[in-house]
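Peer 1: Below is the structure I would like to discuss, written out as structure tokens.
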Amino acid sequence: MATALVTGGAGLIGSHIVDLLVSEGWQVRVLDNFEPQTHRNGPPAWLNPSAAYQTGDVRDRAALRAALDGVDVVFHEAAYGGYMPEIAKYIEVNSYGTALLLETIRDDALPVRKVIVASSQAVYDEGAYRGEDGALFFPETRPLAQLQAGIWEVRDACGHPATPVPTPERTPIGGQTVYAISKADQERLVMAWGRQTGIPTVALRYSCTYGPRQSIFNPYTGVIAIFCTRLLNDRAPVVYEDGHQTRDFCFVEDIARANLLVATDDRADGGVFNVGSGVGTAIGDLARLLAETLGVAVAPEFPGAFRPGEIRHLTSDFSRIAALGWQPQVPLAVGIARYLAWIRTQGDVAEYFTAAAARLREQRIVHLAGKG
Ligand SMILES: NC(=O)c1ccc[n+]([C@@H]2O[C@H](COP(=O)([O-])OP(=O)(O)OC[C@H]3O[C@@H](n4cnc5c(N)ncnc54)[C@H](O)[C@@H]3O)[C@@H](O)[C@H]2O)c1
């Protein structure tokens, strides 16, 4: 029986990986510090009784060493996520925590057979596009001045609006927000370490992942959860830009299955894979769909706010992982229905977005077009 370590195994994605591995007969250990931004009330109700939980931090070498004992496969999900105003903490938890994990395995010659890292579509500077000439191109992030002028769409070299197309893995990465930079760090560290040590590694670039257990406390990440907590308090979802920007939403159980696949299929070793639905959804439409499904008659607001460094359109080209046999199975409407059924079991849901929005404006993570 294989033994897994799932870092961040109390969170949205990690907890679904834990459940899947347990159901497949794995022995599962979790290292999680129950980050208060995500778990405001401490350890959540969904911890799996068949897994062993160690409360600890990926920035702590001794905690990592203990958690790694006897582990065959590491699923590295722990991260500080979203658009929080901190800078140093992202680098500490995501970049440094990953470096420490890898160093501990190598220095203590631990018999780990594979490391799978949770990367993100956020590592792309922008999605892929086709210009008027029909050629595929990879634009840079939109300049601040363009966004301040409220010109949202990506332009091709001749200044014409470009057509978004599914984004393949060869699209340039780098990261244009602090979170994205730290995710690119995590991915590069794990893949370079794998090449150096010969230990198989895989990076999965998840698209926007949602589903039951997505934190209802964190106003900085998870647009479906943020919009739902607003609507359940009769407040309008606040949509950035003009609402026509698109994202790829993937149900969390599909993401968990992709992890199991690459853990058990050697053809994945050394590979970087997009994992997404392949469907682009406009954020304005998402806000309306959630209001309608929740039965809340509140229209979204479009104040002309934007976040510099944000991607305009991104839909995953997941053909690389599809070639290994993975396909998304849960369409958005079904996944949203399952999320809403879950959120209704969570008692009184508060909304933390209003306070967070003021902080994000003050710290210039969110800007208003025409106002800087
Ligand atoms: N949810 C998404 O849309 C999405 C998209 C792309 C990539 N990802 C990545 O997937 C991974 C899991 O994301 P998620 O949505 O499940 O997030 P989540 O916040 O629900 O879960 C993260 C878990 O990590 C734990 N954690 C945070 N800091 C830690 C630390 N210092 N030490 C130990 N544990 C710590 C948290 O307590 C939490 O349980 C992350 O690496 C994230 O960057 C998520």
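The values are calculated or read from the model by the stated rules, or taken from the named source; none is laboratory data. No experiment lies behind these values; they were computed from the predicted model shown. All Cβ positions, even for glycine, are placed from backbone atoms using ideal geometry, and neighbour counts span all protein chains on display.
Matching residues to (1) within 19 Å of Asp125 (Cα to Cα); (2) at pLDDT 95 or above; (3) polar (S, T, N, Q):
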| site | (1), (2), (3) |
| --- | --- |
| Glu187 | yes, yes, no |
| Thr201 | no, yes, yes |
| Ser215 | no, no, yes |
| Ile224 | no, no, no |
| Cys228 | no, no, no |
| His244 | yes, yes, no |
| Asp248 | yes, yes, no |
| Ala256 | no, yes, no |
| Asp265 | no, yes, no |
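Peer 1: Then there's this: Every residue in the stretch 305-347 that is loosely packed, with under 15 Cβ neighbours inside 10 Å and in contact with a strand residue (DSSP E or B) (Cβ under 6 Å, 6 or more places away or on another chain), please.
Peer 2: None; the set is empty.
Peer 1: Got at least one residue in the stretch 238-249 being touching a helix residue (DSSP H, G or I) at 6+ places or on another chain (Cβ under 7 Å), of a type in the set (A, V, I, L, M, F, W, C) and not in a strand (DSSP E or B)?
Peer 2: Within the stretch 238-249, one or more residues are touching a helix residue (DSSP H, G or I) at 6+ places or on another chain (Cβ under 7 Å), of a type in the set (A, V, I, L, M, F, W, C) and not in a strand (DSSP E or B).
Peer 1: Determine whether Ala67 is more than 23 Å from the chain's Cα centre (by Cα) and either buried (at least 19 other Cβ atoms within 10 Å of the Cβ) or polar (S, T, N, Q) (or both).
Peer 2: Answer is yes for this residue.
Conditions (1) part of a helix (DSSP H, G or I); (2) over 25 Å from Pro172 (Cα atoms); (3) within 13 Å of the ligand (Cβ to nearest atom), marked per residue:
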| residue | (1), (2), (3) |
| --- | --- |
| Lys183 | yes, no, yes |
| Glu187 | yes, no, yes |
| Gly194 | yes, no, no |
| Ala203 | no, no, yes |
| Pro212 | no, yes, yes |
| Ser215 | no, yes, yes |
| Asn218 | no, yes, yes |
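Peer 1: Could you tell me which numbered condition Tyr83 fails, if it satisfies all but one of (1) away from the ligand (no atom under 13 Å from the Cβ); (2) of a type in the set (Phe, Trp, Tyr); (3) at pLDDT below 95?
Peer 2: Against the list (1) away from the ligand (no atom under 13 Å from the Cβ); (2) of a type in the set (Phe, Trp, Tyr); (3) at pLDDT below 95, Tyr83 comes up short only on (1).
Peer 1: If I filter the stretch 105-125 down to residues being touching a strand residue (DSSP E or B) at 6+ places or on another chain (Cβ under 8 Å) and not in a strand (DSSP E or B), which single residue comes out as nearest to the ligand (Cβ to nearest atom)?
Peer 2: Ranking the candidates gives Gln121 first.
Peer 1: Take Ala350 and decide whether it is surrounded by fewer than 14 Cβ atoms within 10 Å (Cβ to Cβ) and either among the small types (Gly, Ala, Ser) or under 22 Å from the mean Cα position of the chain (by Cα) (or both).
Peer 2: Here the answer is yes, as Ala350 does meet what is asked.
Peer 1: From Val93, Val30, grab the single residue that is in contact with a Leu (Cβ under 9 Å, 6 or more places away or on another chain) and of a type in the set (A, V, I, L, M, F, W, C). Working first, answer last.
Peer 2: Working: Val93 fails: in contact with a Leu (Cβ under 9 Å, 6 or more places away or on another chain).
That would be Val30, the only listed residue that is in contact with a Leu (Cβ under 9 Å, 6 or more places away or on another chain) and of a type in the set (A, V, I, L, M, F, W, C).
Peer 1: Which of the residues that make up the stretch 224-239 are in contact with a Lys or Arg (Cβ under 9 Å, 6 or more places away or on another chain) and surrounded by 21 or more Cβ atoms within 10 Å (Cβ to Cβ)?
Peer 2: Thr229, Pro237
Yes/no per residue for (1) away from the ligand (no atom under 11 Å from the Cβ); (2) outside any helix (DSSP H, G or I); (3) surrounded by 24 or more Cβ atoms within 10 Å (Cβ to Cβ); (4) not basic (Lys, Arg):
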| position | (1), (2), (3), (4) |
| --- | --- |
| Val6 | no, yes, yes, yes |
| Gly9 | no, yes, yes, yes |
| Ser15 | no, no, yes, yes |
| Val18 | no, no, yes, yes |
| Glu35 | no, yes, no, yes |
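Peer 1: Still on this structure: Spot the failing condition for Pro161; the list is (1) in contact (Cβ under 8 Å) with a residue 60 or more places away in the chain; (2) touching a strand residue (DSSP E or B) at 6+ places or on another chain (Cβ under 8 Å), and only one is missed.
Peer 2: Status for Pro161: all satisfied but (1).
Peer 1: Test Glu132 against the stated conditions and say whether it is modelled with pLDDT under 95 and in contact with a strand residue (DSSP E or B) (Cβ under 9 Å, 6 or more places away or on another chain).
Peer 2: It is true that Glu132 is modelled with pLDDT under 95 and in contact with a strand residue (DSSP E or B) (Cβ under 9 Å, 6 or more places away or on another chain).
Peer 1: Considering only the stretch 37-52, state which residues are within 12 Å of the ligand (Cβ to nearest atom) and crowded, with 19+ Cβ neighbours inside 10 Å.
Peer 2: Answer for the stretch 37-52, where residues must be within 12 Å of the ligand (Cβ to nearest atom) and crowded, with 19+ Cβ neighbours inside 10 Å: just Thr38.
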